[in-house]
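To keep things clear, I will list the structure first and then write my remarks on it.
The values are calculated or read from the model by the stated rules, or taken from the named source; none is laboratory data. As the structure is a computational prediction, the values presented were derived from the model and not from experiment. Please note: Cβ atoms are built from the backbone with ideal geometry, for glycine as well, and neighbour counts cover all protein chains shown. Protein only, heavy atoms only, side chains kept; ligands, DNA and RNA dropped before computing areas. Shrake-Rupley method; radii C 1.70, N 1.55, O 1.52, S 1.80 Å.
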Amino acid sequence: MDNHSYNFPSDCTPLTNCKSARKPAGSTVVNMDNTGKNPPRDYLVWSLCNTLYVNFCCLGFMALVYSIKARDQKTQGNLQLAQECSDKAKWYNILAAGWNLLIPLLAVVLLVLLLIHLGTSEGSFDFFGEDGFQNFMKLFSW
């Protein structure tokens, strides 16, 4: 557009303060709340695994509930509540995974200790038979 073809209002010239040509100022909103931050994780797959495996004291199920809540809050845009639910899901998953590893490990240790005790104690029946304990211990020597 050429400056010569543009008609200015009578009280307004280019590069001067022109009150009649001003438009009301609009507003611009810039959301700076979540810049540079990743949205909170929901740990849904980990919660599903803990729910399906052993699930001692329903810790895996509680982790699954909080994981679903965190995912719902994240999709609704409530990132603060999503972060709180994500933290709870994480801790329930840690507790459930700890129990899921601890219980089978304790069972194996107790079984081995029981077999060793039955094979070495005097006055009890010979659980392994003649030279059975030595053959049993050879399984664990490399």
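Listed residues A89, A97; which is closer than 30 Å to F140 by Cβ, buried (at least 17 other Cβ atoms within 10 Å of the Cβ) and touching a residue at least 40 places away in the same chain (Cβ under 8 Å)?
A97
Based on what the data block shows, is N34 open to solvent by less than 80 Å² (accessible area, probe 1.4 Å), polar (S, T, N, Q), modelled with pLDDT of 80 or more and farther than 30 Å from I103 by Cα?
no
List the number of the failed condition for L113; all other conditions in (1) at pLDDT below 90; (2) open to solvent by 50 Å² or more (accessible area, probe 1.4 Å); (3) outside any helix (DSSP H, G or I) hold.
Failed condition: (3).
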